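What follows is a short report on a single structure.
The values are calculated or read from the model by the stated rules, or taken from the named source; none is laboratory data. From a predicted model like this one, the values you see are computed outputs, not experimental measurements. Backbone-built Cβ (ideal geometry, glycine too); neighbour counts: all protein chains shown.
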Amino acid sequence: MEVAKQWFKDWFNSPYYHLLYSNRDEREAAAFIDKLVEYLHPAPNALMLDVACGRGRHAKYLADKGFDVTGIDLSGESIAIARKLENEHLSFFQHDMRLPFRVNYFNVVFNFFTSFGYFETRHENDNALRTLANSLRPGGRLVLDYLNSTYVENHLVHDEVIEKEQVVFDIQREVQNGKFLKQINILDKKQFQRASYTESVSAFHKKDFEEMFARQRLVITDIFGDYHFNIFDEQQSPRLIIIAQKPIS
């Protein structure tokens, strides 16, 4: 599979991306966020940042709980939709997560649902994590929710065909050079057109994140293996959910 260097720019702005992933479980996401808020116990007026926020549904869910929430995402089209949700406690900005954003500002930073590891080089991914770390106030906490690479590799579905609203998605998956690659060939029966995109997500493991977090002086306080906060098991857990804190001094 060939991967475009900035594959996420075109794919995340495509209506086909939103159609393919339209079946994501919002109730599960809400329950996960509820559990995080209960665990983190942030102050009622806490400043929160949702990095790679997409169309802003999860940022809005947090803002509806009374927090002051900012969402950033590279996709201009997603941010345009998210801005329709804005209010005095909720704002959105188009922003590249590899670049600094409001240094020493937020109490809590979230990176939900494997919205990390998209970049071509380790240096770029380090820059993204640096943005998350630097945006935290001293004592602030980061939640990074990632796939468990060992589990995903062991349960990889190599070929799959999905049809939604007369759009056929022919999907092939493989692991190559330390990355999960997903080629998505699209046949749009309504528009009589074809398209093709390839996703690339780094197959980071727990030890990789431990090294990356240490480079940013983030102290890992907990690691969970699913959205129910069960203990992380490298072979059995579907997720790798890392909670870390920025040192006070």
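Screening H18 on (1) part of a helix (DSSP H, G or I); (2) of a type outside the set (G, A, S); (3) under 18 Å from T70 (Cα atoms); (4) within 17 Å of the chain's Cα centre (by Cα) shows it passes everything except condition (3). Do you know which residues across segment 9-64 are at positive phi and either of a type in the set (A, V, I, L, M, F, W, C) or touching a residue at least 24 places away in the same chain (Cβ under 8 Å) (or both)? Listed by number, the residues that qualify are A52, G54, G56.
Here's the yes/no breakdown for (1) of a type in the set (S, T, N, Q); (2) under 21 Å from A31 (Cα atoms); (3) within 16 Å of the chain's Cα centre (by Cα):
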| residue | (1), (2), (3) |
| --- | --- |
| Q183 | yes, no, no |
| T198 | yes, no, no |
| S202 | yes, no, yes |
| A214 | no, no, no |
| D222 | no, yes, no |
| Y227 | no, yes, yes |
| L240 | no, yes, yes |
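Output yes when any residue across segment 217-224 is buried (at least 18 other Cβ atoms within 10 Å of the Cβ), within 28 Å of W11 (Cβ to Cβ) and touching a residue at least 60 places away in the same chain (Cβ under 8 Å), and no when none is. No, every residue in segment 217-224 fails to be buried (at least 18 other Cβ atoms within 10 Å of the Cβ), within 28 Å of W11 (Cβ to Cβ) and touching a residue at least 60 places away in the same chain (Cβ under 8 Å).
Criterion first (surrounded by 13 or more Cβ atoms within 10 Å (Cβ to Cβ) and in a helix (DSSP H, G or I)) does L144 satisfy it? Taking the combined requirement at face value, the residue does not satisfy it.
So which residues in segment 29-42 are surrounded by 11 or more Cβ atoms within 10 Å (Cβ to Cβ) and more than 23 Å from E165 (Cβ to Cβ), if there are any at all? Residues satisfying the conditions are A30, A31, F32, I33, D34, K35, L36, V37, Y39, L40, P42.
Candidates are the residues of segment 66-90 that are polar (S, T, N, Q) and at pLDDT 95 or above; the one that is surrounded by the most Cβ atoms within 10 Å (Cβ to Cβ) is T70. For segment 168-175, check the following and say yes or no: at least one residue is exposed (fewer than 12 other Cβ atoms within 10 Å of the Cβ) and touching a residue at least 12 places away in the same chain (Cβ under 8 Å). No; the residues of segment 168-175 include none that is exposed (fewer than 12 other Cβ atoms within 10 Å of the Cβ) and touching a residue at least 12 places away in the same chain (Cβ under 8 Å). For segment 16-24, the count of residues that are among the basic types (K, R) and surrounded by 13 or more Cβ atoms within 10 Å (Cβ to Cβ) is zero.
A quick yes/no check of all residues on (1) without any contact (Cβ under 8 Å) to a residue 12 or more places away in the chain; (2) assigned to a strand (DSSP E or B); (3) over 14 Å from M48 (Cβ atoms):
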position: A82; (1), (2), (3): no, no, yes
position: N107; (1), (2), (3): no, yes, no
position: F110; (1), (2), (3): no, yes, no
position: N125; (1), (2), (3): no, no, yes
position: L129; (1), (2), (3): no, no, yes
position: A133; (1), (2), (3): no, no, yes
position: G139; (1), (2), (3): no, yes, yes
position: T150; (1), (2), (3): no, no, yes
position: E153; (1), (2), (3): no, no, yes
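Considering segment 65-80, and only residues there that are touching a residue at least 40 places away in the same chain (Cβ under 8 Å) and in a helix (DSSP H, G or I), the residue that is nearest to the chain's Cα centre (by Cα) turns out to be S78.
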